[in-house]
Amino acid sequence: MKKKLKLSIALTTYNGSKYIIQLLDSLKKQTLAPDEVIIVDDNSTDSTVEIIKDYIKKYNLINWKVYKNSKNLGWQKNFTKAISKTTGDYIFLADQDDIWYKNKIKKFMECFLRTNAWMVVSDFNVIGNGRSRKTTSMPKINYEIEKDAKKIKFDENYALILRPGCVMAINSVLKRIYLDLWFEKTPHDALLWLIASITNNIYYIDSPSIDFRRTDGNASGSIAHDISFKRNAIIGEKKVNKWYLNSNLVNKKFIKIIRRNTRWNNLRYELLINHKLSSWVRLFKYKDCYKTNKQYLGDLYYYLVSKRNK
């Protein structure tokens, strides 16, 4: 007799009282219901937690659990905490402002069960403060058909995240590796993508599964924040590359690309963290590892800014 697969949702909240009911409604109305919903609140100062508790009580959602941190952990650590609390075979990631389409879990699970995917991602529609949808451009995904599903192709840009965490679902294997490799201030979706990508285990649904709410509060932060993000991304790539090359998962077809990416990352580390300008000149040889020429020039810009502020 086959074991019943357990499906989890990991949701984090912080001062999300304005839109949280819309998300909760969309989770509750899924055509394939989750077996558990884990909600971790990062010490909200508004009524978010009270709204969630009332919702759980109103609909007798005994498999929904909400936890409130005694102090603010920051969104990266908070999401990792939520993921760690899940017990499912498959984990769906949720953001507090979004609205899921009712067949999201069903469509993702159909893809998981047809393949050996560690991660499944989809497209999304964008909405603003209201419910009207906006046009948005998403990075193009190159894929190949495997087992009647779209498998994302491995290439030299494997570390570049092409879809956000709110349209990701992962299996428990990826979860365990992620929890072993995660480090402070690392965005959960970027690291999850990198691990799943380097192991060639991401599948793609080329239709929207949610309305992604984009508000003024979603804007990027300061230059200092951007530099910190770049540094953590470089460190994360170095860490994952090393883990993969020392694992029993290595695909010989990809080793050349990964080793070249490792050399590229080492030079970026020397430039942006050790502040060696000569490394930027040497990076010219690895320009193809950048998605665009603008990103290559961007590394020089961030070097100059961080050097000035050092």
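Scanning the range 158-186 for residues that are out of contact with any Phe, Trp or Tyr (no Cβ under 9 Å at 6 or more places or on another chain) and either not in a helix (DSSP H, G or I) or not assigned by TED's automatic domain parsing to the domain that holds W75 (or both) returns W182, F183, E184, T186. For beta carbons closer than 8 Å, sequence separation of 6+ or different chains, a first residue in the range 100-126 that is within 12 Å of A149 (Cβ to Cβ) and not assigned by TED's automatic domain parsing to the domain that holds E146 and a second that is modelled with pLDDT of 95 or more and surrounded by fewer than 17 Cβ atoms within 10 Å (Cβ to Cβ), there are no qualifying pairs.
Which is in contact (Cβ under 8 Å) with a residue 24 or more places away in the chain, closer than 30 Å to G128 by Cα and either touching a Phe, Trp or Tyr at 6+ places or on another chain (Cβ under 6 Å) or loosely packed, with under 15 Cβ neighbours inside 10 Å (or both), of K307, K291? One residue alone meets the criteria, K291.
If you take the residues of the range 165-215 that are acidic (D, E) and under 19 Å from S122 (Cα atoms), which of them is surrounded by the fewest Cβ atoms within 10 Å (Cβ to Cβ)?
Our first condition is that a residue be acidic (D, E); within the range 165-215, this holds for 180, 184, 189, 206, 211.
Within this subset, residues satisfying the condition of being under 19 Å from S122 (Cα atoms) are 189, 206, 211.
Numbers: D189: 19, D206: 10, D211: 21.
Checked the range 165-215; the qualifying residue surrounded by the fewest Cβ atoms within 10 Å (Cβ to Cβ) is D206.
A Cβ distance below 9 Å, combined with a sequence gap of six or more or placement on separate chains, defines the contacts here; from the range 246-269, residues that are over 17 Å from V281 (Cβ atoms) and without any contact (Cβ under 8 Å) to a residue 24 or more places away in the chain reach residues that are surrounded by fewer than 16 Cβ atoms within 10 Å (Cβ to Cβ) and hydrophobic (A, V, I, L, M, F, W, C) in the pairs I255/L245; R259/L245. As a summary of the residue check, S137 satisfies the conditions (1) touching a Leu at 6+ places or on another chain (Cβ under 6 Å); (2) without any contact (Cβ under 8 Å) to a residue 60 or more places away in the chain; (3) among the small types (G, A, S) except for the one numbered (1).
Checked against (1) outside any helix (DSSP H, G or I); (2) at pLDDT below 95; (3) closer than 28 Å to K104 by Cβ, S207 meets all criteria but (2).
Close Cβ contacts (under 9 Å, 6 or more residues apart or on different chains) running from residues in the range 13-30 that are charged (D, E, K, R) to residues that are part of a loop (DSSP other than H, G, I, E, B) comprise K18/D46; K18/D97; K18/N129; K28/Y59; K28/L61; K29/K102. V49 meets all of the listed conditions (1) within 21 Å of K104 (Cβ to Cβ); (2) among the aliphatic types (A, V, I, L, M); (3) buried (at least 16 other Cβ atoms within 10 Å of the Cβ); (4) in contact with an Asp or Glu (Cβ under 9 Å, 6 or more places away or on another chain) but one, namely (1).
Would you please name the residue that is farthest from D211 (Cα to Cα), looking only at residues in the range 64-83 that are polar (S, T, N, Q) and surrounded by 15 or more Cβ atoms within 10 Å (Cβ to Cβ)? I'd like the intermediate steps shown before the answer.
Taking the range 64-83 first, the residues polar (S, T, N, Q) are 69-70, 72, 76, 78, 80.
Next, from what is left, pick out any that are surrounded by 15 or more Cβ atoms within 10 Å (Cβ to Cβ): 69, 76, 78, 80.
Details: N69: 27, Q76: 22, N78: 23, T80: 23 Å.
Within the range 64-83, the match that is farthest from D211 (Cα to Cα) is N69.
Among the residues of the range 1-22, those identified as modelled with pLDDT of 95 or more and farther than 13 Å from T48 by Cα are L5, K6, L7, S8, I9, A10. Out of all the residues in the range 51-66, is one or more under 23 Å from the mean Cα position of the chain (by Cα) and not β-branched (V, I, T)? Checked the range 51-66: at least one residue is under 23 Å from the mean Cα position of the chain (by Cα) and not β-branched (V, I, T).
Go through the range 236-259 and give me each residue that's of a type in the set (A, V, I, L, M) and either in contact with a Cys (Cβ under 6 Å, 6 or more places away or on another chain) or under 18 Å from P187 (Cβ atoms) (or both). Break it down into steps so the answer makes sense when it comes.
At the first step, the residues of the range 236-259 found to be of a type in the set (A, V, I, L, M) are 240, 245, 249-250, 255, 257-258.
Answer for the range 236-259, where residues must be of a type in the set (A, V, I, L, M) and either in contact with a Cys (Cβ under 6 Å, 6 or more places away or on another chain) or under 18 Å from P187 (Cβ atoms) (or both): just V240.
With respect to (1) surrounded by 12 or more Cβ atoms within 10 Å (Cβ to Cβ); (2) at pLDDT 95 or above; (3) under 30 Å from L27 (Cα atoms), the lone exception for F254 is condition (3).
The values are calculated or read from the model by the stated rules, or taken from the named source; none is laboratory data. Keep in mind that what you see is a predicted model, and the values were worked out from it rather than measured. Glycine gets a Cβ as well: all are built from the backbone with ideal geometry, and neighbour counts include every protein chain shown.
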